[in-house]
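*Asks:* Take this structure, written in structure tokens, and hold onto it; I'll ask about it next.
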Amino acid sequence: MDLSQLTLRDKIGQMFFIGIPGAEYDEQTRELIDEIKPGGICLFARNIKTPEQTRRLLDSLVDALPVLPALSLDQEGGLVDRLRRLLEPMPPASAFYDDQDVREFAAIIAEAIRILGFNMNFAPVVDVLTADRADTNSGLYSRIFGRDTEDTTELAGSFLTALQENGVVGCLKHFPGLGAAPVDSHEELPTIEISGYELHSTDLQPYRTLFSSARVHAVMTAHAVYPNTTLLDRDEGGRLFPSSLSQSAVSDLLKQELGFDGVAITDDLEMGAIKRNYGIGEACVTAVNAGEDMLAICADQSSIREGYSYVRSAAENGHISSTRIDDACRRIVKLKQELKPSLPFDLSRLQQLSVAVRDLRSRLKE
């Protein structure tokens, strides 16, 4: 992808990571893809019915777009298992204690999703859930590797490395950390009452370590506020911005202080934490100005169109600078250079991988 050949409209499209309505490349989906020309597409259970249908859908999306899209899903295992209709149910991250088991798990996932046509996975979770945080209602308990900073870093790092060694780009989440969240950000905006010291010594440690020791191409930012830290950007009404919309979190902390040069992606902007407090269009513009490179809007087509329209208008009238747009696209180009082609469709190999999942799950229970 040559940035010099892209129009402003094309650049804005590259910054959107969207969901699509159904399981087929129908007229409704075609119109949405033609209008937005998104840089990324994420599939959910509503889009994944059979192996053949999933591969057909993803191939159609690639054929429809002028620039290769990042094609992702949230394949963590456990509660977040988008492939449960296609393969044996996968164990959750919390079931793993051994580095080699984690690597095997990631390799199975990578091969399976490449056969289906994906090139990216929104995993692993690197939130830290220590013993004193275990009674929170964040919904993260089974989604996290390890029960302290060191184990989380080691096991999630092994998952990321094996995933990418097997041809799938991973994405660390949820920056700067949801381990201490008292509520689930899918439902409402968490206020995380930890100190700046705890944030840096516990929640940011996996990022700091993995940025220096692993090839991290993407980070997903959380929707949460941290009132006892330096992440204190406020909106016009005096409310703290959630980290996903905060310049001090994305530009200052993630990109400058921690030196991350990959793609910063928002968590889904339709989640309750954002939707109950901001309009989608307003949130998208604020997120881009905060330093987000890609905006995830994963369900409602009107929300996707509204977000795209707001960002495009803001870029055209100077409320988002051309420098900010170009930096986002530079990072997206860099990520897309890591995307690998899909593997040949092989139903029998998927069945073998399903057996491997069952065997791994049984071994973990021993």
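The values are calculated or read from the model by the stated rules, or taken from the named source; none is laboratory data. Quick caveat, the model's predicted, so the values are computed rather than measured. Glycine also receives a Cβ, built like all others from the backbone with ideal geometry; neighbour counts cover every protein chain displayed.
*Asks:* Would you be able to tell me the number of residues in the range 77-117 that are buried (at least 20 other Cβ atoms within 10 Å of the Cβ), within 19 Å of ILE18 (Cα to Cα) and touching a Lys or Arg at 6+ places or on another chain (Cβ under 8 Å)?
*Replies:* Number of matching residues: 2.
*Asks:* Which one is surrounded by the most Cβ atoms within 10 Å (Cβ to Cβ) among residues in the range 249-263 that are in contact with a Leu (Cβ under 6 Å, 6 or more places away or on another chain) and under 29 Å from ASP300 (Cα atoms)?
*Replies:* Selected residue: ALA249.
*Asks:* Let me ask another. Can you tell me how many residues within the range 1-28 are within 24 Å of LYS340 (Cβ to Cβ), at pLDDT 95 or above and out of contact with any Cys (no Cβ under 8 Å at 6 or more places or on another chain)?
*Replies:* 5
*Asks:* In the range 322-346, what residues are among the small types (Gly, Ala, Ser) and within 24 Å of GLU35 (Cβ to Cβ)?
*Replies:* Those that are among the small types (Gly, Ala, Ser) and within 24 Å of GLU35 (Cβ to Cβ): SER322, ALA328.
*Asks:* Turning to a different aspect of this structure: Which ones in the range 258-292 are over 24 Å from TYR207 (Cβ atoms) and of a type in the set (Gly, Ala, Ser)?
*Replies:* GLY272, GLY279, GLY281
*Asks:* Now, a different point. Hey, among ALA273, ALA249, which residue is modelled with pLDDT under 95, closer than 22 Å to SER195 by Cα and touching a Pro at 6+ places or on another chain (Cβ under 9 Å)?
*Replies:* ALA273
*Asks:* Could you grab me the full set of residues in the range 82-112 that are under 16 Å from PRO341 (Cα atoms) and touching a Ser or Thr at 6+ places or on another chain (Cβ under 9 Å)?
*Replies:* ALA112
*Asks:* Grab the helices (runs of 4 or more DSSP H) fully contained in the range 264-366, keeping just those with 1 or more residues being without any contact (Cβ under 8 Å) to a residue 12 or more places away in the chain.
*Replies:* 272-275, 301-316, 322-336, 347-365
*Asks:* Same structure again: Restricting the range 210-235 to residues that are of a type outside the set (Gly, Ala, Ser), touching a helix residue (DSSP H, G or I) at 6+ places or on another chain (Cβ under 9 Å) and surrounded by fewer than 18 Cβ atoms within 10 Å (Cβ to Cβ), which is farthest from LYS275 (Cα to Cα)?
*Replies:* For the range 210-235, the residue satisfying everything is ARG215.
*Asks:* In addition: Considering only residues that are under 15 Å from ASP151 (Cβ atoms) and either in a helix (DSSP H, G or I) or hydrophobic (A, V, I, L, M, F, W, C) (or both), which ones fall in the range 82-102?
*Replies:* ALA93, SER94, ALA95, PHE96, ASP99, GLN100, ASP101, VAL102
*Asks:* Of (1) out of contact with any Asp or Glu (no Cβ under 6 Å at 6 or more places or on another chain); (2) buried (at least 18 other Cβ atoms within 10 Å of the Cβ), LEU140 satisfies all except one. Which?
*Replies:* (1)
*Asks:* Next question. With (1) over 19 Å from GLU270 (Cβ atoms); (2) buried (at least 20 other Cβ atoms within 10 Å of the Cβ) as the list, and GLU52 as the residue in question, which single condition is left unmet?
*Replies:* (2)
*Asks:* Applying the selection to the range 162-194, what residues are over 18 Å from LEU245 (Cα atoms), aliphatic (A, V, I, L, M), in a loop (DSSP other than H, G, I, E, B) and touching a helix residue (DSSP H, G or I) at 6+ places or on another chain (Cβ under 7 Å)?
*Replies:* Of everything in the range 162-194, those that are over 18 Å from LEU245 (Cα atoms), aliphatic (A, V, I, L, M), in a loop (DSSP other than H, G, I, E, B) and touching a helix residue (DSSP H, G or I) at 6+ places or on another chain (Cβ under 7 Å) turn out to be VAL168, ALA180.
*Asks:* Residues being surrounded by fewer than 22 Cβ atoms within 10 Å (Cβ to Cβ) and touching a residue at least 24 places away in the same chain (Cβ under 8 Å): count how many of those fall in the range 118-132.
*Replies:* 1
*Asks:* Within the range 14-48, track down each residue that is touching a Leu at 6+ places or on another chain (Cβ under 9 Å), crowded, with 21+ Cβ neighbours inside 10 Å and part of a helix (DSSP H, G or I).
*Replies:* Answer for the range 14-48, where residues must be touching a Leu at 6+ places or on another chain (Cβ under 9 Å), crowded, with 21+ Cβ neighbours inside 10 Å and part of a helix (DSSP H, G or I): GLN14, THR29, ASN47.
*Asks:* For the condition in contact with a Pro (Cβ under 6 Å, 6 or more places away or on another chain), β-branched (Val, Ile, Thr) and in a loop (DSSP other than H, G, I, E, B), what is the one hit in THR136, THR153?
*Replies:* THR136
*Asks:* Still on this structure, I have one more. Keeping to the range 119-146, report how many residues are of a type outside the set (Phe, Trp, Tyr) and under 21 Å from ALA162 (Cβ atoms).
*Replies:* The qualifying residues number 13.
*Asks:* Would you mention how many residues in the range 300-351 are touching a helix residue (DSSP H, G or I) at 6+ places or on another chain (Cβ under 9 Å), surrounded by fewer than 19 Cβ atoms within 10 Å (Cβ to Cβ) and of a type in the set (Val, Ile, Thr)?
*Replies:* The number of residues fulfilling the criteria is 1.
*Asks:* Please determine, by comparing only the residues of the range 55-76 that are charged (D, E, K, R) and part of a helix (DSSP H, G or I), which one is surrounded by the most Cβ atoms within 10 Å (Cβ to Cβ).
*Replies:* Of everything passing the filter in the range 55-76, ARG55 is surrounded by the most Cβ atoms within 10 Å (Cβ to Cβ).
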